[in-house]
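Only one structure is covered here, and it is reproduced in the block below.
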Amino acid sequence: MTGYPSIDKPWLQYYDNRVIDQKLPQYSMYEYIYRNNEKSFDNIALEYYGQTITYGAMFKGIEVAASGLSSIGVKQGDIVSFLAVTTPELIYSIYATNYLGAICNMIDPRMSDEVILDIISNTKSRCLILLDIFSDKVSMFTIADDCTIVILPTSNENLSLSQKEIAPITFKHITWANLLSQVSLKCKVSNVPFSANCPALIEYTGGTTGEPKGVVLSNENVNAAAFQYARTRIDNKRGQSWQSVAAPFIAYAFIFSMHIPLSLGMICKLVIYDPQLIAVQTVKDKYNHIAGNPLMWENVIHLSEAQSCDFSHLIAPITGADYMSLKLENEINDFLKTHGCKWNICQGYGLTETAAGICINQGDGCTKLGSVGIPFIDTIISIFDSDTQNELKYGETGEVCIAGPSVMLGYFNNKAATDDMIKIHKDGIYWLHTGDLGHMDNDGFLFIDGRIKRMFVYYNGAKVFPPVIEKIIIQSKSVENCVVVGKQDPCHAVGQVPVAFVILRSDCKDSVDCVIDELNMLCKNKLPDYECPVEWNFVTSFPRTPVGKVDYMALASRLQTTNS
């Protein structure tokens with residue numbers, strides 16, 4: 001042991017030697033799921049509101065869709081934009097686009113109309129595949145004449161994400177039915193051969209700092225996530241069911257709710273992305289695998305219907321996409337244990353820029369409370385000093401950096417941002433700088449300690465890390481959850497001071513004044529003066545980004561509004 005994670009790779013002790021040296025697949029996304037299921041065509045691939053679709057029928061649907069897209073001019077290297085949630089037709093369209101060697105550009109329909117139009121225009125999209133319930137998003141825009149709009153049918157009233165009726169479609173388009181009707185069954189298009197390191201998928205960052213950036217992922221990036229997940233210690237078997245969140249515009253949802261289960265020959269049960277609705281579906285349906293976020297799992301354990309449910313069917317319940325407090329992790333683990341599940345919650349970690357997950361707790365002696373697990377088998381994770389780029393040793397806190405087959409090709413048409421994110425170090429390795437603070441123990445378990453961008457500086461130059469303060473505050477029995485942000489120091493010309501937003505437990509009987517006294521004393525005893533909050537704000541919930549993360553910028557803006 002040298003003391004440096006990138007050299008020692010201590011996490012490999014948890015992997016079977018038989019899978020360590022397996023070669024990563026050199027296929028397109030389509031070819032990868034096809035080759036893994038070509039002997040299982042009669043098995044169920046998709047369940048969609050009572051409708052079941054076999055793998056054979058799904059691949060037939062993909063081939064027909066590929067012929068249809070080819071008939072309207074989509075070819076290798078073109079960009080096809082998607083503005084939809086997941087339906088079977090959308091799955092056919094995504095893999096059909098990949099079949100043709102074109103690039104899938106996944107747009108979040110919750111973005112503003114102006115941002116959506118900019119993305120379609122800037123990517124010079126050859127085709128826009130639009131779910132009919134989002135027709136009003138483009139009805140007022142002029143799309144380039146060479147961009148064909150294909151309208152997918154909702155085909156199920158439960159899929160509607162809004163109360164309003166579908167807007168009349170007044171722009172130039174072709175319906176899904178008309179697209180397929182013009183396909184000659186005798187004119188099957190050929191699958192474009194795989195090419196290394198070519199763009200296959202564009203997903204957009206879902207953070208809270210500025211405009212979304214297009215993350216360009218290759219076939220290898222996406223397949224590497226699936227291939228590495230298949231080689232974990234998690235019990236993955238063909239025919240198991242997977243709750244598939246219908247949000248293809250979120251990399252975590254697309255890769256962990258669609259591509260991975262399809263590559264493993266599982267049944268994808270499509271559900272709408274809504275934390276409360278998903279909680280209800282989780283209780284109602286007996287999924288074997290679920291990849292959710294902390295908010296979803298919090299909703300599940302507090303759902304009245306869940307209190308009498310048996311969760312013994314659940315395998316490796318995954319959480320990712322946002323920070324989970326130690327208190328919530330313990331609550332979820334206690335709930336799972338008392339409801340028949342043999343697994344603890346499996347915290348994972350990843351970014352859109354790394355094709356979603358690249359690190360996870362894997363149960364069976366390979367899990368640690370408070371950690372996000374060990375790196376995937378072909379991935380290297382280490383901790384670096386963000387100023388000097390020197391690698392740090394076990395237990396030392398610095399910036400989490402990642403190297404491996406899932407690291408993105410770059411940001412779309414944004415070389416400056418790409419170069420700022422991916423840097424070559426003294427070791428000759430290209431490292432992706434996550435902007436997350438963390439440390440690694442000598443067993444190879446990663447612990448996330450906060451975000452560098454959430455850090456702020458006290459007037460005397462001391463660095464303040466909000467997660468450190470939050471971990472102390474949440475120790476109070478009166479506190480359900482809390483978030484700390486910085487605001488301008490009112491006593492000095494420079495620097496910021498910490499302000500806390502607190503959600504109290506429903507059974508808290510103390511007055512607010514008593515709680516404030518308790519929290520002030522708790523912080524005073526466990527934190528230096530500059531980390532003690534100068535202000536306490538009690539709220540019933542936190543604002544969230546479209547992907548369910550806490551919106552720290554929105555909280556900080558409340559302080560600015562108050563101060564002004």
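The values are calculated or read from the model by the stated rules, or taken from the named source; none is laboratory data. This structure is a prediction, so every number in the text was calculated from the model and none was measured. Here Cβ is always computed from backbone atoms with ideal geometry, including for glycine, and neighbour counts include all displayed protein chains.
Exactly one residue among Ile380, Ile374, Ile360 is farther than 27 Å from Val550 by Cα and either of a type in the set (Lys, Arg) or at pLDDT 95 or above (or both), and that residue is Ile380.
Among the residues of the stretch 63-74, none qualifies, meaning not one is touching a Phe, Trp or Tyr at 6+ places or on another chain (Cβ under 9 Å), in a loop (DSSP other than H, G, I, E, B) and surrounded by 13 or more Cβ atoms within 10 Å (Cβ to Cβ). Confirm whether Ile377 is β-branched (Val, Ile, Thr), over 24 Å from Asn333 (Cβ atoms) and touching a Lys or Arg at 6+ places or on another chain (Cβ under 8 Å). Yes; evaluated as a whole, the condition is true for this residue. Set side by side, the residues Ile315, Ile381 differ, and just one is under 19 Å from Ala226 (Cβ atoms), part of a loop (DSSP other than H, G, I, E, B) and either of a type outside the set (Asp, Glu) or in contact (Cβ under 8 Å) with a residue 60 or more places away in the chain (or both), which is Ile315. Put simply, of Asp334, Asp364, Asp385 the only residue that is among the acidic types (Asp, Glu), in contact with a strand residue (DSSP E or B) (Cβ under 7 Å, 6 or more places away or on another chain) and more than 24 Å from Asn223 (Cβ to Cβ) is Asp385. The residue that is nearest to the chain's Cα centre (by Cα), among those in the stretch 19-51 that are over 27 Å from Asn197 (Cα atoms) and surrounded by fewer than 18 Cβ atoms within 10 Å (Cβ to Cβ), is Tyr49.
When every residue of the stretch 415-427 is checked against the conditions, none turns out to be closer than 28 Å to Ile120 by Cβ, assigned to a loop (DSSP other than H, G, I, E, B) and modelled with pLDDT under 95.
Residue count for the stretch 6-45 under the criterion of being in contact with a Lys or Arg (Cβ under 8 Å, 6 or more places away or on another chain) and closer than 14 Å to Gly265 by Cα: the result is 2. Once the stretch 163-207 is narrowed to residues that are in a loop (DSSP other than H, G, I, E, B), exposed (fewer than 11 other Cβ atoms within 10 Å of the Cβ) and of a type in the set (Ser, Thr, Tyr), the residue that is modelled with the lowest pLDDT is Thr170.
Among the candidates Asn390, Asn460, Asn414, which residue alone is among the polar types (S, T, N, Q), out of contact with any Ser or Thr (no Cβ under 7 Å at 6 or more places or on another chain), surrounded by fewer than 21 Cβ atoms within 10 Å (Cβ to Cβ) and not assigned by TED's automatic domain parsing to the domain that holds Tyr252? Only one candidate passes the filter, namely Asn460.
Kindly establish whether Leu46 is in contact (Cβ under 8 Å) with a residue 24 or more places away in the chain and assigned to a helix (DSSP H, G or I). Criteria not met by Leu46.
Residue selection: Gly3 satisfies the criterion of being over 21 Å from Gln182 (Cβ atoms), in contact (Cβ under 8 Å) with a residue 60 or more places away in the chain and assigned to a loop (DSSP other than H, G, I, E, B). Residues in the stretch 208-236 that are out of contact with any His (no Cβ under 9 Å at 6 or more places or on another chain), of a type in the set (A, V, I, L, M) and surrounded by fewer than 24 Cβ atoms within 10 Å (Cβ to Cβ) were compared, and the one that is modelled with the highest pLDDT is Val216.
If you go through the stretch 88-124, how many residues are modelled with pLDDT under 90 and hydroxyl-bearing (Ser, Thr, Tyr)? Of the residues in the stretch 88-124, 2 are modelled with pLDDT under 90 and hydroxyl-bearing (Ser, Thr, Tyr). Restricting the stretch 225-246 to residues that are of a type in the set (Val, Ile, Thr) and out of contact with any Phe, Trp or Tyr (no Cβ under 6 Å at 6 or more places or on another chain), the residue that is nearest to Arg18 (Cα to Cα) is Thr232.
Yes/no per residue for (1) within 25 Å of the chain's Cα centre (by Cα); (2) modelled with pLDDT of 90 or more:
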residue	(1), (2)
Asn481	yes, yes
Val494	no, no
Val499	no, yes
Cys508	no, no
Ile516	no, yes
Asn520	no, yes
Pro528	no, no
Trp536	no, yes
Asp551	yes, no
